[in-house]
Amino acid sequence: MRFLTAGLVLCGWLLLRGERSPSRREWLSATLLALIIFVFDYGSLFWAEQRIPSGVAAVMLATIPAFMALSEIFILRTQKLTIRLALALLIGLAGVAVLMSHSLNLGDAPIDRAGAIALIFASISWSIASALSRILPLPQSKVMSSGVQMLAGGVLLTIASASFGEFHRFHPSTVSRAAWLSLLYLIVFGSIIGFTAYVWLLHHYSPTKVGTYAYVNPVVAVLFGYFFGSEALALRTVLGTLFVLASVLLITTTRSKQAEAKLVAEDAG
């Protein structure tokens, strides 16, 4: 409902303003990205958050810059695997291991393993899609690109939810007012504004640099989960968060191959 509504609003608004309708190739590219982003990534996240606290889920998804770096290495070829980058990846994996480990006695239980695997899959999916969005043919208008991706993602998620029989269990009359307001917030700020800004950024900066939002997300989510969601703020969560944020810091401050080439050229000039 969130992405379907946001996609319809954006695409409808742009078409009414006279924006060119996407071509068949652009629709196919947007649908492929929608499958990876909204079905694989968000679908896995929504499923995992039924088993894992929202704050911890945000910490797990903060590993996205690590997988983005790997996508830049193997898909875009704009990054190379250095000792610094390898160390950053290992630190990030250590943070995930702290959250999942059954052998570490940190005073609280490790997170659900199936949920953790789903979140890692979600992070990988998002990172691959972010890299592919740089090379696939998409609408020149980044707002239209965002709209068609969300529209296609909303349709795919609707099909997926129907295939799992969720429509039979959904009764609008039982949904609270707070839930409807939360959905409205996600449609406007999380999707129409947030996702569109992300799509625009991906076409102006490297995926790894765009991934710096991961500095903020886990900290905000952990604190909001603690103060407003009655989620525990245990030593395991704190350590895992610190490891992951250290990994993000190392990754996002590593120069890309293009940046190094530009720096060499400027020095030579």
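The values are calculated or read from the model by the stated rules, or taken from the named source; none is laboratory data. These figures come from a predicted structure and were not determined experimentally. Cβ: placed from backbone, ideal geometry, glycine included. Neighbour counts: every protein chain shown. Heavy atoms of the whole protein, side chains included, go into the accessibility calculation; ligands, DNA and RNA do not. Shrake-Rupley method; radii C 1.70, N 1.55, O 1.52, S 1.80 Å.
Evaluate the charge dipole of the chain about its Cα centre and quote only its size in Debye, nearest 20, assuming +1 on the Cβ of each Lys and Arg and -1 on the Cβ of each Asp and Glu. Display every interim value, and only then the final one.
Working: 19 positive and 12 negative charges, 97 e Å.
So the magnitude is around 460 debye.
Here the range 25-165 is treated with +1 on each Lys and Arg Cβ and -1 on each Asp and Glu Cβ, and its dipole about the Cα centre works out to around 420 debye. Of the peptides 91-101, 117-127, 230-240, the ranking by mean beta-carbon count within 10 Å, highest at the top, reads 117-127, 91-101, 230-240.
Only protein heavy atoms count here; on that basis, with a 1.4 Å probe, residue 209 has an accessible area of about 80 Å².
Based on the Cα coordinates of the range 145-250, what is the per residue volume of their convex hull in Å³? If you can, show how the numbers build up before the last one.
Working: hull volume 15.8 nm³, N = 106.
Each residue corresponds to 149 Å³ of Cα convex hull volume.
Here is the P(r) of the range 53-111: all C-alpha pair distances, binned every 10 Å from 0, give 21, 42, 25, 11, 1 in whole percents.
With contacts taken as Cα pairs under 8 Å and at least 6 residues apart, the chain reaches a relative contact order of 41 percent. For the chain, the percent of C-alpha pairs falling in each 5 Å distance bin, counted from 0 to the bin holding the largest distance, reads 1, 6, 11, 16, 17, 16, 14, 10, 6, 3, 1, 0, 0, 0.
Which value, in Å³ per residue, describes the convex hull spanned by the Cα atoms of the range 136-186? Dividing the Cα hull volume of the range 136-186 by its residues yields 91 Å³. Think of it as helices only: each DSSP H run of n ≥ 4 in the chain is worth -39500 (n - 2.57), and spread over all residues that comes to -20000 deg cm²/dmol at 222 nm. When each full DSSP H helix of the chain is screened for a Cα extent of at least 18 Å along its own axis and an average Kyte-Doolittle hydropathy of at least -0.5, the helices passing are 2-16, 83-100, 113-132, 142-163, 235-252.
Considering the range 85-125 at the alpha-carbon level, its Rg and Dmax are found to be 11.3, 32 Å. In this view, the solvent-accessible surface of residue 254, computed with a 1.4 Å probe and all protein chains in place, comes to about 10 Å².
How much of the accessible area of the range 159-243, in percent, comes from carbon and sulfur atoms when a 1.4 Å probe is used? Don't skip to the answer; put the middle values down first.
On the way: 3960 of 5490 Å².
Result for the range 159-243: 72 percent of the exposed heavy-atom area is carbon or sulfur.
Values of log10 I(q)/I(0) for the range 19-74 across q = 0.14, 0.21, 0.23, 0.30 Å⁻¹ run -0.56, -0.90, -0.95, -1.11, by the Debye formula with one identical scatterer at each alpha carbon and no solvent.
Under a point-charge model restricted to the Cβ atoms of Lys and Arg (+1) and Asp and Glu (-1), what is the dipole moment magnitude of the range 1-108 relative to its Cα centre, in debye to the nearest 20?
Value, rounded to 20: 400 debye.
Rolling a 1.4 Å probe over the heavy atoms of the protein chains gives the chain an accessible area of 53 Å² per residue.
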